[in-house]
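Below is one structure, written out as structure tokens; the observations come after it.
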Amino acid sequence: MKLKKLLENIEATVLSQKDNIDSIEIKGGYVSDLLSDVLGNAKKGDVWMTIMKHLNVIAVASHTEVSAIIFAKNIVPEKTIIEKAEENGICLISSSLSTFELAGILFALLNSN
Amino acid sequence: MIMSEFWYYRESKEPEAKKFMENKPEPDYDLSYSIGERDFVNTGKASSEIKLALKRLGVDNTILRRVAIAVYEAEINVTAHSRGGNIIANIYDNCVHVVFKDNGPGMKDINQSMEPGFSTADEMIREMGFGAGLGLPNIKKNADVLHIESQEGANTFLELVIFYE
């Protein structure tokens with residue numbers, strides 16, 4: 001599924017990789033704020049939904065090859081982190097919804113296909 | 001003080017891995033990094049660069065991911081739990097051997113540290129999103145060889161090997 005389709009169904013702001021947003025594919029999702037849990041379990045092509053916004057999320061996203069990070073509850077990381085994401089080709093999104101709501105919407109969309 | 005030691009060999013790789021560990025041949029080249037105590041800004045550099053070096057060698061994507069995750073977790077361990085240390089990645093044409101040495105304070109019991117959920121992390125480490133006690137199990141999950149030596153009050157030595165095929 002295209003990431004774009006998820007974005008049409010949530011209230012979201014794209015923070016990085018705006019130019020590539022149309023081409024990003026998503027296969028699943030993972031919800032966690034523990035970075036080692038994400039490193040151990042998130043799959044390539046997942047959307048990672050979290051409230052963790054420390055710089056380390058960029059390395060974790062890069063190593064696990066998730067398609068995008070969605071920060072819940074309007075969380076926006078610091079500018080330097082957004083720049084680092086841009087540099088590393090990581091798509092960051094901020095949404096007003098909670099991780100529970102985001103995961104529910106993504107789950108429903110993926111299973112309606 | 002009792003030194004404690006941990007060895008793990010992935011079963012499917014055991015014969016070639018043991019042969020490698022016994023011979024420790026000269027690498028094609030190596031990459032080295034230093035890690036500062038609690039330097040969460042620069043940590044992650046080694047795993048990213050080692051991954052890139054192997055990518056240039058044409059190493060398969062699933063292997064790159066395993067190398068990146070194992071090395072990153074070990075980098076985080078040195079950053080979060082030690083007084084700093086260094087990393088040397090020995091690059092071969094069929095595997096990568098990465099060695100981590102820190103400046104203490106060492107682990108009381110490695111087997112306990114290997115148990116998922118066991119952690120000595122403080123509040124700061126937890127705020128960074130680490131300290132859930134999953135780091136060492138993640139390294140083991142991704143490595144073909146994992147060897148750790150430590151002693152309370154002394155330094156910790158960790159080495160891992162991942163084969164490209």
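Okay, here's what the table says:
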{"read-out": "Residue satisfying all of: in region B:57-108; of a type in the set (D, E, K, R) and within 14 Å of chain A (Cβ to nearest Cβ); surrounded by the fewest Cβ atoms within 10 Å (Cβ to Cβ) among these", "value": "B:ASP60"}
{"read-out": "Residue in region A:1-17 that is at negative phi, more than 10 Å from chain B (Cβ to nearest Cβ) and modelled with pLDDT under 95 present", "value": "yes"}
{"read-out": "Qualifying residue in region B:87-109 (condition: touching a residue at least 24 places away in the same chain (Cβ under 8 Å), part of a loop (DSSP other than H, G, I, E, B) and of a type in the set (Asp, Glu))", "value": "yes"}
{"read-out": "Residue match in region B:123-143 (condition: more than 14 Å from chain A (Cβ to nearest Cβ), at pLDDT 95 or above and within 19 Å of A:GLY40 (Cβ to Cβ))", "value": "no"}
{"read-out": "Scope region A:77-113; condition within 18 Å of A:LEU15 (Cβ to Cβ), surrounded by 14 or more Cβ atoms within 10 Å (Cβ to Cβ) and among the β-branched types (Val, Ile, Thr); matching residues", "value": "A:ILE81, A:ILE82, A:ILE90, A:ILE93, A:THR99"}
{"read-out": "Meets criteria (within 28 Å of B:MET124 (Cβ to Cβ), out of contact with any Pro (no Cβ under 8 Å at 6 or more places or on another chain), at pLDDT below 95 and polar (S, T, N, Q)) for B:THR79", "value": "no"}
{"read-out": "Meets criteria (of a type in the set (A, V, I, L, M), more than 10 Å from chain B (Cβ to nearest Cβ) and either within 13 Å of the chain's Cα centre (by Cα) or in a helix (DSSP H, G or I) (or both)) for A:ILE70", "value": "yes"}
{"read-out": "Members of region A:11-32 found to be surrounded by 17 or more Cβ atoms within 10 Å (Cβ to Cβ) and without any contact (Cβ under 8 Å) to a residue 24 or more places away in the chain, listed by number", "value": "A:SER32"}
{"read-out": "Which listed residue, of A:ASP33, A:ASP37, A:ASP22, is of a type outside the set (A, V, I, L, M), at the interface with chain B (Cβ under 10 Å from one of its Cβ atoms) and in a helix (DSSP H, G or I)", "value": "A:ASP37"}
{"read-out": "First in region B:13-39 and free of Cβ contacts under 8 Å to residues at least 24 places away in the same chain, second anywhere and surrounded by 14 or more Cβ atoms within 10 Å (Cβ to Cβ), Cβ under 7 Å, 6 or more apart", "value": "B:LYS18/B:TYR9"}
{"read-out": "Breaking point among (1) farther than 17 Å from B:TYR9 by Cβ; (2) of a type outside the set (Asp, Glu); (3) more than 10 Å from the chain's Cα centre (by Cα), for B:MET114", "value": "(1)"}
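The values are calculated or read from the model by the stated rules, or taken from the named source; none is laboratory data. Predicted, not measured: the structure shown is a model, and the values here were computed from it. Reconstructed Cβ throughout: ideal geometry from the backbone, glycine too, with neighbour counts over all protein chains shown.
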